[in-house]
Structure formats: structure tokens, C-alpha cells
Amino acid sequence: MKGTARLFIGLGILAILSPLGLMASGTAWGEWGVEEFSKMLGYVPQGLARLSDLWKAPIPDYSVPGLGEVSGYVLSAFIGMALIIIITWGIGRILGQKLEK
Amino acid sequence: MHIPDGYLSPSTCAVMYTAAAPFWYVATKKMKKELSTRMVPLMSIFAAFSFVIMMFNIPVPDGTTAHAVGGTLMAIVLGPWAATLGVSIALMVQAIFFGDGGILAFGANCFNMAIVLPFVGYAVYRIISANAPPGSARHWLGGAIGSYVGINTASLCAAIEFGIQPVLFHTSNGTPLYCPYGLSQAIPAMMLAHLTVAGIAEMAVTGGVIAFLQKTMPVVMTLRLGREART
């Protein structure tokens, strides 16, 4: 479809601007880590402590090891979008029907 | 609104996976029937858009943060079932690669943000934009209002999932095992964040992008014409 290129450029611009989202310094409600819990409550709920590090993400909190906060965030945005586009494209190719125009 | 692992009991997580599963199943069936390969690039773009827009954290007056989701926008352009798949893919990448939202809690997060949010948002949009000709202001207006209702309904669901934890799951002396905050704390906190900043951001993003598409790429806004009767 014509014009899709323009939307891809728009995504790139958003990725570059994404560090604006770092200016909000707090944590989203209900997304605190274990340390924040011990500060807030004085204890960490048992089950929460047990399950919270079930999975170790390669790029935790969009911060790329070895990169600064801002550049890591931008790179994360590009990596994440690339992964999503590849996965969605793949699923779409499998599920979608070829319609001739 | 990305519930991390540990906040919901494993049994709650299982219930939420079970609740989401039929929607994923129907969504893939629907895609098989309705998705033309020409729509695939747009689906990728909107899923990626949802991902990146969620990175724009906005401060909430109580010191926490919140963000838009973009699920209603995707539902309006590509249909609610496509939005379910697209937002689920974005949430999966966030959970697996960035640790944003839990793996056990993935079903709950998809239920809230990839199912409740786009379907509610889309339903409200359809009511407001019913019979409006292409290009009408009722499309972006309906999208804006729908997205506001959608994200707030989703956040209410998340608040309920958080809030029932301390009642249902605690040690013998009453100490919470998972999310320690009950409904009386979770609901006001989640609603404050989403009725104010996140809801407004979601409205601006949805209304703004629809108005932009109507003006510059009207064909994108009419992709689903003729399909709507079947959804």
C-alpha cells in the first residue's frame, strides 16, 4: 500500500522521541520491584518475592547493558518494534489470504 | 498497566490465561478468514505503534506513571480481532525481552489491554460513528471517546485483579502473599492514573492518528468498509 513508508518513518521518529517517556521518574502503580516494596511496606509479600524474578529479560526495563539510559531506551524501541514487525509479518503471512488487487 | 509476575497468584494467572485463550483462538480464525496479505504491513505498523507508544510514560499526580496503549486505534483501523492479536504480540515482546509485564501474568495483561481495551473502545466508537460517512469528524471523535472508555475499562479490570489478591491469598496471620493492596486502594489508584493522564493521552493519540489518516491516507480508514457488517 502506498504511504506505508511514511508510517514507518513516523514509527522511527517516535522511537527517537521515546526517551521523553523517561522524564516521568516514578514507577507505574502496581509495577514496583522487590526493593521498592521493602521501602514502601517494610516487607516483601512472600509469594511476590518468590515469583517476581521468574523470568530474566535480556533487556530489563528497556535499558541496554553498556549503553546510557537514553540511547538504550531508543535502541530498545527499535529492537522491540523490529521484533514485533517480524513476528506480526510472519503470523500475517501464515494466516492472511493472498488477495489479488 | 503491565502486571509483573508475583502480583497475581498462580491460580489467578491460570484463570486469566483461560479467559484470554478463546479470544486468541477466535482472533486467529478471524484473521485466517478476513486478513488479506495487503493488510499485514499495516497490522505490523499498528502493533509496533502500540509498543512504542507504551514507552512514553507520563507522570501521574500521585507520583506513579501511566501510558497510552493504542489498542482502540488498531481496532478501528483493522478490526477488534486484529487488535487482540497485534497488542498481544506487543505485550509478548515486552514481557519476554524487556521484562515489562510478567510471563505468568501475560494472560491477565492480554485480557486487560489486548481484549477488554480494544473491544470496549471499538464498541463505543461504533455507536458514535454509526452511519457517519468516511471522513466525518464522528470517526476521530468516536475513536477518541471510545479509546478513553476502553483504556479505563481495562485499567478497572487490572485494578480488580490486583485488588482481590490480599483477600484471597494470604498467610494464616493475614499477611498478603501477592499484591498487598486491596480493591479500596487498587481501584482509586488505577483509575486516577487512567481517568486523568493515560486516558487523555489515549484520546489524543487515537483521535489524532485517525484525523491524520482521514486527511492524508483516507484509504486506510476505509479498509474495513463492507467487512464491518460481519464483525
Item to check | Residue ID - surrounded by the most Cβ atoms within 10 Å (Cβ to Cβ), chosen from residues in region B:44-77 that are of a type in the set (Ser, Thr, Tyr) and not in a loop (DSSP other than H, G, I, E, B) | outcome: B:Thr72
Next on the checklist: Cβ contacts < 7 Å: first residue on the phi > 0 side of the Ramachandran plot, restricted to region A:26-38; second residue surrounded by 15 or more Cβ atoms within 10 Å (Cβ to Cβ) and hydroxyl-bearing (Ser, Thr, Tyr), any location; separation 6+ or different chain. Result?
Outcome noted: A:Gly30/B:Tyr7
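Matching residues to (1) at pLDDT 95 or above; (2) more than 17 Å from A:Ile85 (Cα to Cα); (3) not in a helix (DSSP H, G or I); (4) not hydroxyl-bearing (Ser, Thr, Tyr):
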site: A:Ala5; (1), (2), (3), (4): no, no, no, yes
site: A:Leu11; (1), (2), (3), (4): yes, no, no, yes
site: A:Leu17; (1), (2), (3), (4): yes, yes, no, yes
site: A:Leu20; (1), (2), (3), (4): yes, yes, no, yes
site: A:Ala24; (1), (2), (3), (4): no, yes, yes, yes
Item to check | Search result, residues across region B:100-140 that are free of Cβ contacts under 8 Å to residues at least 40 places away in the same chain and in a loop (DSSP other than H, G, I, E, B) | outcome: B:Ala130, B:Asn131, B:Ala132, B:Pro133, B:Ser136
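Being touching a helix residue (DSSP H, G or I) at 6+ places or on another chain (Cβ under 7 Å) and either over 14 Å from B:Gly163 (Cα atoms) or among the aliphatic types (A, V, I, L, M) (or both) is the filter here; which residues of region B:3-12 pass it? Spell out how you get there, then give the answer.
Within region B:3-12, the subset touching a helix residue (DSSP H, G or I) at 6+ places or on another chain (Cβ under 7 Å) is B:3-9, B:12.
If the condition is that a residue be touching a helix residue (DSSP H, G or I) at 6+ places or on another chain (Cβ under 7 Å) and either over 14 Å from B:Gly163 (Cα atoms) or among the aliphatic types (A, V, I, L, M) (or both), then B:Ile3, B:Pro4, B:Asp5, B:Leu8 are the ones that fit.
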Item to check | Selection within region A:2-34 - facing chain B (nearest Cβ under 7 Å) and of a type in the set (Val, Ile, Thr) | outcome: A:Thr4, A:Thr27
Checklist entry - Inside region B:3-13, can you point out the residues that are surrounded by fewer than 23 Cβ atoms within 10 Å (Cβ to Cβ) and either in contact with a Ser or Thr (Cβ under 9 Å, 6 or more places away or on another chain) or at the interface with another protein chain (Cβ under 7 Å from one of its Cβ atoms) (or both)? => result B:Ser9
Item to check | All positions within region A:35-52 that are more than 8 Å from every other protein chain (Cβ to nearest Cβ) and loosely packed, with under 15 Cβ neighbours inside 10 Å | outcome: A:Glu35, A:Glu36, A:Ser38, A:Lys39, A:Met40, A:Gly42
Checklist entry - Looking at (1) surrounded by fewer than 18 Cβ atoms within 10 Å (Cβ to Cβ); (2) more than 30 Å from B:Gly174 (Cβ to Cβ); (3) more than 7 Å from chain B (Cβ to nearest Cβ), which is the one condition that is false for A:Trp89? => result (3)
Checklist entry - Pick from region B:14-33 the residues that are within 11 Å of another protein chain (Cβ to nearest Cβ) and out of contact with any Phe, Trp or Tyr (no Cβ under 8 Å at 6 or more places or on another chain): which of them is farthest from A:Ala28 (Cα to Cα)? => result B:Lys33
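For (1) at pLDDT 95 or above; (2) under 22 Å from the mean Cα position of the chain (by Cα), each residue gets a yes or a no:
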residue	(1), (2)
A:Met40	no, no
A:Tyr43	no, no
A:Leu54	no, yes
A:Gly68	no, yes
A:Phe78	yes, yes
A:Ala82	yes, yes
A:Ile91	no, yes
A:Lys98	no, no
Item to check | Matching residues, region A:13-25, being closer than 30 Å to B:Leu223 by Cβ and touching a residue at least 40 places away in the same chain (Cβ under 8 Å) | outcome: A:Leu14, A:Ala15, A:Ile16, A:Ser18, A:Gly21
Next on the checklist: For region A:26-43, which positions are in contact with a Gly (Cβ under 9 Å, 6 or more places away or on another chain) and not acidic (Asp, Glu)?
Outcome noted: A:Gly26, A:Thr27, A:Val34
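Kindly indicate whether A:Leu67 is outside any helix (DSSP H, G or I), of a type in the set (A, V, I, L, M) and touching a Gly at 6+ places or on another chain (Cβ under 9 Å).
For A:Leu67, the condition - outside any helix (DSSP H, G or I), of a type in the set (A, V, I, L, M) and touching a Gly at 6+ places or on another chain (Cβ under 9 Å) - is not met.
The values are calculated or read from the model by the stated rules, or taken from the named source; none is laboratory data. These numbers come from a predicted model, not from an experiment. As a convention, Cβ positions derive from the backbone with ideal geometry for all residues, glycine included, and neighbour counts pool all protein chains shown.
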